[in-house]
Amino acid sequence: MTAARLAAALVLGGALAAPAIAAELRATVRSEQGQPVADAVVVAVPQSAPAKPPRPKTEQVEQIGHEFVPRVKALLVGSPVSFPNRDDVRHHVYSFSPAKRFDLPLYVGTPAQPVLFDAPGVVIMGCNIHDWMVGYIYVAESPYFAMTGADGTALIAGIPPGRYAIRVWHPQLAAAEESTSRHAELSATGDGALEWRIALKPALGLRRAPLPGRQGRY
C-alpha cells in the first residue's frame, strides 16, 4: 500500500470509529416561587429508536450519621445497589415500594449481596430502627438522566439527536410526575435548554430520637 493510500485509509478508519455527534440538554427546575430546586431528577426518554442502555454498574447508598447518603439517588434500571452501613450502630434497611420491595435485616458493614433494581419507578427506603431515616431511589428506564444541584440545574450530555419526552421528579413534587412531561427535539447542531416551575409539598420532617445508651447522641 502506498503512503497516500495508507494515509487515506487511516483518515477513513478514524472517521468510521469516531463517536456520533451528540446533543446536550440543560434543564433548570425551580419552585413556584422561583427558588432553585435541588435533588430533582430530570429524565429524557427517546420517542423513536429506543436507547441502547450501557451496562449497569453497581451503585451505592450509604448510611452515615443515621441518614441515607445520598438522600435521593437516580440510577438506570437493572443497576445493583449496595447499602454499606458506616455507622457504629446497626440499621435495618427496607422498602415496600411496588418498584422494588426488599429487606436488609439488622447489620453493620456492607451486606454480602447488593439489591438489584430491575423495574423503573420510585423506591422509598426506610430504617426499621430509626424512623426519621427516609431515602429515595429513582429508577430510570432511560440512560439519559441527571439530578439538579443546589442551583436547580441538571446537565444531560451525550444524548443522540432525536425527539424526547422529558420529565421531572422530586420527592416533594405535588403533582403526578407525568404532568411535568414535555416533548423536545434535540439536534446535534445546538444544545437544548428547558425550565420547569413545580409545586412542592412540605418536606417530610420526622423527629430524630436519641439512641439508647448513647447519652443523647442522635
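Only the coordinates and a few stated rules stand behind these numbers; no lab work does. Keep in mind it's a predicted model, so treat the numbers as computed, not measured. Neighbour counts run over all protein chains shown; Cβ positions are idealised from the backbone, glycine included.
Details
- When Ser97, Ser79 are sorted by how many other C-beta atoms sit within 10 angstrom of their C-beta, beginning with the fewest, the order is Ser97, Ser79.
- Using a Förster distance of 30 Å, the FRET efficiency for Gln33-Arg163 (Cβ separation, nearest 0.05): 0.40
- With contacts taken as Cα pairs under 8 Å at a separation of at least 6 residues, the range 44-150 carries a relative contact order of 31 percent.
- Calculated FRET value between Arg55 and Asp118, using beta carbons and R₀ = 25 Å, to 0.05: 0.95
- Candidates Val122, Gln60, Val108 compared by Cα position along the dipole of the range 58-127: farthest toward the positive end lies Val122, with charges placed on Cβ.
- Applying the criteria of a DSSP loop state and at most 16 other Cβ atoms within 10 Å to the chymotrypsin sites (Phe, Trp or Tyr not before Pro) of the range 92-172 yields Trp132.
- Of the trypsin sites (Lys or Arg not before Pro) in the range 79-140, the ones in a loop by DSSP (not H, G, I, E or B) with at most 16 other beta carbons within 10 Å are Arg86, Arg90.
- Spacing of the two label points (7 Å from each Cα toward its C-beta) at Trp132 and Glu195, in nm: 3.6
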